[in-house]
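Chemist: Sharing a structure here in structure tokens format.
The values are calculated or read from the model by the stated rules, or taken from the named source; none is laboratory data. Quick caveat: nothing in here was measured; it's all calculated off a predicted structure. Cβ placement follows ideal geometry from the backbone for every residue including glycine, while neighbour counts extend to all protein chains displayed.
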Amino acid sequence: MMLEEAPISIAINGERHVVLSCSPHDALALGAGHLLAEGWVHARSEIHEITLADAHRVDAVIDSQRLAESRAVRAHQLSNGCGVRHVLDCDGAFLPRASPGLPPSDMAGLLRSLFAAADAASTEGGLHAVALADGTSFVHATTDVTRHCAVDRVIGMALLADTPMRGLGLVLTARISGAIALKAAAAGLGWIASRSIATSVAREIATASGLILIERAARRADA
């Protein structure tokens with residue numbers, strides 16, 4: 001079995017802004033989640049329209065003022081080289097605030113289910129698995145060859161289903177990067193649990209945004 005990876009482009013207001021290399025399933029959810037997780041929009045209501053132009057292109061229409069603001073942030077990040085640290089070092093006004101949530105007590109059980117989902121999707125391995133969870137179970141779950149795209153997609157699944165995300169948490173099989181911590185805060189999640197650890201930037205973003213990090217929640221051998 002060969003893991004499929006393909007480019008998925010996201011066009012905003014008629015102009016292509018990003019091309020993601022990822023698992024090509026559920027492209028619409030991927031696109032919607034990326035818009036929210038990367039700060040192009042702050043809520044589902046700011047996405048006026050989102051459609052699939054074809055299997056590998058998502059077309060979205062958002063408020064023109066929001067688009068201009070997002071472009072300005074990205075121009076600053078490029079010219080100053082601050083990247084994801086923009087919200088820490090340059091403009092804290094762009095740092096989203098996480099929402100309170102109750103981490104589940106049976107973390108090993110959730111991770112066991114998450115690994116099972118990844119194994120079912122690819123018997124040879126190689127997939128990252130991510131889920132949104134409440135205090136007891138998964139609300140949405142997905143897999144991807146790219147961990148950041150898996151996070152975008154699961155957020156998009158909730159967004160398109162009108163699932164309230166405030167207070168939910170993110171459970172993932174990969175390490176927690178700064179970008180993933182920022183995506184979780186942007187979605188209004190309350191916590192992230194991982195079998196791995198968080199990077200230094202992820203910990204800074206978590207502290208600043210109020211996001212709870214649960215590192216090494218359960219090793220795979222124990223899950």
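Chemist: Considering (1) surrounded by fewer than 23 Cβ atoms within 10 Å (Cβ to Cβ); (2) out of contact with any strand residue (DSSP E or B) (no Cβ under 8 Å at 6 or more places or on another chain), say which one Ala217 fails and leave the rest.
Modeler: Here Ala217 clears every test but (2).
Chemist: Something else now. Picking from Arg147, Arg112, which residue would you name as being basic (Lys, Arg) and closer than 24 Å to Val84 by Cβ?
Modeler: So the residue among Arg147, Arg112 that is basic (Lys, Arg) and closer than 24 Å to Val84 by Cβ is Arg147.
Chemist: Of the residues in the stretch 51-76, how many are without any contact (Cβ under 8 Å) to a residue 40 or more places away in the chain and of a type outside the set (Ser, Thr, Tyr)?
Modeler: 14
Chemist: Is it the case, given these coordinates, that Gly125 is in contact with a strand residue (DSSP E or B) (Cβ under 9 Å, 6 or more places away or on another chain), modelled with pLDDT under 80 and farther than 16 Å from Ala29 by Cβ?
Modeler: Here the answer is no, as Gly125 does not meet what is asked.
Chemist: Which of the residues spanning the stretch 77-108 are without any contact (Cβ under 8 Å) to a residue 40 or more places away in the chain, surrounded by 14 or more Cβ atoms within 10 Å (Cβ to Cβ) and more than 18 Å from Gly178 (Cα to Cα)?
Modeler: none
Chemist: A further question follows. For the stretch 47-66, enumerate the residues that are loosely packed, with under 15 Cβ neighbours inside 10 Å and either part of a helix (DSSP H, G or I) or under 18 Å from the mean Cα position of the chain (by Cα) (or both).
Modeler: Of everything in the stretch 47-66, those that are loosely packed, with under 15 Cβ neighbours inside 10 Å and either part of a helix (DSSP H, G or I) or under 18 Å from the mean Cα position of the chain (by Cα) (or both) turn out to be Ser64, Gln65.
Results for (1) in a loop (DSSP other than H, G, I, E, B); (2) within 20 Å of Cys149 (Cα to Cα); (3) touching a Lys or Arg at 6+ places or on another chain (Cβ under 7 Å), shown as yes or no for each residue.
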position: Glu69; (1), (2), (3): no, no, no
position: Val73; (1), (2), (3): no, no, no
position: Val87; (1), (2), (3): no, no, no
position: Pro96; (1), (2), (3): yes, yes, no
position: Gly101; (1), (2), (3): yes, no, no
position: Ala108; (1), (2), (3): no, no, no
position: Ala120; (1), (2), (3): no, yes, no
position: Leu132; (1), (2), (3): no, yes, no
position: Gly135; (1), (2), (3): yes, no, no
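Chemist: I'd like the residue in the stretch 137-156 that is among the hydroxyl-bearing types (Ser, Thr, Tyr) and assigned to a loop (DSSP other than H, G, I, E, B) and, out of all such residues, is modelled with the highest pLDDT.
Modeler: Once the filter is applied, the top-ranked residue is Thr146.
Chemist: Looking at the structure I just gave you, is Leu159 at pLDDT below 95, out of contact with any Cys (no Cβ under 8 Å at 6 or more places or on another chain) and not in a loop (DSSP other than H, G, I, E, B)?
Modeler: No; evaluated as a whole, the condition is false for this residue.
Chemist: Take the residues of the stretch 162-199 that are in contact with a helix residue (DSSP H, G or I) (Cβ under 7 Å, 6 or more places away or on another chain) and of a type in the set (Val, Ile, Thr): which is modelled with the lowest pLDDT?
Modeler: Among residues in the stretch 162-199 that are in contact with a helix residue (DSSP H, G or I) (Cβ under 7 Å, 6 or more places away or on another chain) and of a type in the set (Val, Ile, Thr), the one modelled with the lowest pLDDT is Thr173.
Chemist: Given the residues Leu172, Leu132, which is the only one that is touching a Phe, Trp or Tyr at 6+ places or on another chain (Cβ under 8 Å), buried (at least 23 other Cβ atoms within 10 Å of the Cβ) and among the hydrophobic types (A, V, I, L, M, F, W, C)?
Modeler: Going through Leu172, Leu132 in turn, the sole match is Leu132.
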